[in-house]
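> Here it is, the structure in full.
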Amino acid sequence: DGGITQSPKYLFRKEGQNVTLSCEQNLNHDAMYWYRQDPGQGLRLIYYSQIVNDFQKGDIAEGYSVSREKKESFPLTVTSAQKNPTAFYLCASSIEQNTEAFFGQGTRLTVV
Amino acid sequence: GESVGLHLPTLSVQEGDNSIINCAYSNSASDYFIWYKQESGKGPQFIIDIRSNMDKRQGQRVTVLLNKTVKHLSLQIAATQPGDSAVYFCAENKTGRRALTFGSGTRLQVQP
């Protein structure tokens, strides 16, 4: 059945290491997004992509990178430059901008 | 699962009562609004949306009201059930803008 899948659900990283979070969708959506969520806060936009091979920075892009080589996939790399990477990361997709966004189940990243 | 909103405003209601969750949005040019429900450790789920050319929209047990004059959005849940316990987020967007902007959320606790 159709949906958006994030993996892994839980991820532990040592300080100084890069780590890549996976996001795959089979909804045939053009737009994909990455949000970060911290306790007591709403979702903040990291990166978004409107179409394959194109992506734009969101509000908190520093220390993160993305790629969009395939329509179905939008992986997020958390680099060692991200000073406070421990958070809940949510990937979403929508058929186009300004329509309902469907979310994955999230990846909880913990830096140890 | 771990809570995603430890310091959120909380609305506590009795099972069977109606709930009203409020949201003040920031951009007077926003023309699309969504309510999401997020259970602990999971991604947000779409509840209902409304466009700025409407002031009310009804779904199953839920109603969204939009007051553009005071930039206020509300979600009404009829006959609240224990399964409605979650964090509720409003989100807004403006046509041509990049992605949804989320509010900070309200925790709904339903007492049996």
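> (1) within 14 Å of the chain's Cα centre (by Cα); (2) hydroxyl-bearing (Ser, Thr, Tyr); (3) exposed (fewer than 13 other Cβ atoms within 10 Å of the Cβ): which one isn't true of B:Ser85, the others all being true?
Against the list (1) within 14 Å of the chain's Cα centre (by Cα); (2) hydroxyl-bearing (Ser, Thr, Tyr); (3) exposed (fewer than 13 other Cβ atoms within 10 Å of the Cβ), B:Ser85 comes up short only on (3).
> B:Val110 versus (1) touching a residue at least 60 places away in the same chain (Cβ under 8 Å); (2) under 27 Å from A:Thr5 (Cβ atoms): which is the lone unmet condition?
(2)
> Can you pull out every residue in the stretch A:100-112 that is facing chain B (nearest Cβ under 8 Å) and part of a loop (DSSP other than H, G, I, E, B)?
A:Glu100, A:Ala101, A:Gly104, A:Gln105, A:Gly106
> Quick one: is B:Ser40 in contact (Cβ under 8 Å) with a residue 60 or more places away in the chain and assigned to a loop (DSSP other than H, G, I, E, B)?
no
> Only one of these is more than 13 Å from chain A (Cβ to nearest Cβ) and either within 15 Å of B:Phe102 (Cβ to Cβ) or touching a Phe, Trp or Tyr at 6+ places or on another chain (Cβ under 7 Å) (or both): B:Ile47, B:Ile21. Name it.
Only one candidate qualifies: B:Ile21.
> So, in the stretch A:14-35, how many residues would count as being outside any strand (DSSP E or B) and of a type in the set (S, T, N, Q)?
Total satisfying the criteria: 4.
> For the stretch B:51-66, enumerate the residues that are under 14 Å from the mean Cα position of the chain (by Cα) and not basic (Lys, Arg).
Hits for the stretch B:51-66 are B:Gln58, B:Gly59, B:Val62, B:Thr63, B:Val64, B:Leu65, B:Leu66.
> Return yes or no: is A:Tyr35 within 12 Å of another protein chain (Cβ to nearest Cβ), touching a Cys at 6+ places or on another chain (Cβ under 9 Å) and either of a type in the set (Ser, Thr, Tyr) or more than 28 Å from B:Tyr88 (Cα to Cα) (or both)?
Criteria met by A:Tyr35.
> From the list B:Ala99, B:Ala29, which residue is without any contact (Cβ under 8 Å) to a residue 24 or more places away in the chain, closer than 24 Å to A:Leu45 by Cα, of a type outside the set (Val, Ile, Thr) and not in a strand (DSSP E or B)? Before the answer, list the steps.
Numbers: B:Ala29 fails: without any contact (Cβ under 8 Å) to a residue 24 or more places away in the chain.
Just one listed residue meets the conditions, B:Ala99.
> Still on this structure, I have one more. Take the residues in the stretch A:50-104 that are within 30 Å of B:Ile50 (Cβ to Cβ), among the hydrophobic types (A, V, I, L, M, F, W, C) and touching a residue at least 60 places away in the same chain (Cβ under 8 Å); name whichever of them is surrounded by the fewest Cβ atoms within 10 Å (Cβ to Cβ).
The residue in question is A:Ile95.
> Separate question: In the stretch B:92-112, how many residues are within 8 Å of another protein chain (Cβ to nearest Cβ) and of a type outside the set (Lys, Arg)? Even if it seems obvious, please write down each step before you answer.
Restricting attention to the stretch B:92-112, the residues satisfying the condition of being within 8 Å of another protein chain (Cβ to nearest Cβ) are B:93-105.
From the residues that got through so far, the ones that are of a type outside the set (Lys, Arg) too are B:93, B:95-96, B:99-105.
Within the stretch B:92-112, residues that are within 8 Å of another protein chain (Cβ to nearest Cβ) and of a type outside the set (Lys, Arg) number 10.
Computed from the coordinates by the stated procedures, all read-outs in this text should not be read as laboratory data. Just so we're clear, the structure is a prediction, and the values are computed from it rather than from any experiment. Every residue, glycine as well, gets a Cβ built from its backbone with ideal geometry; the counts of neighbours run over all protein chains shown.
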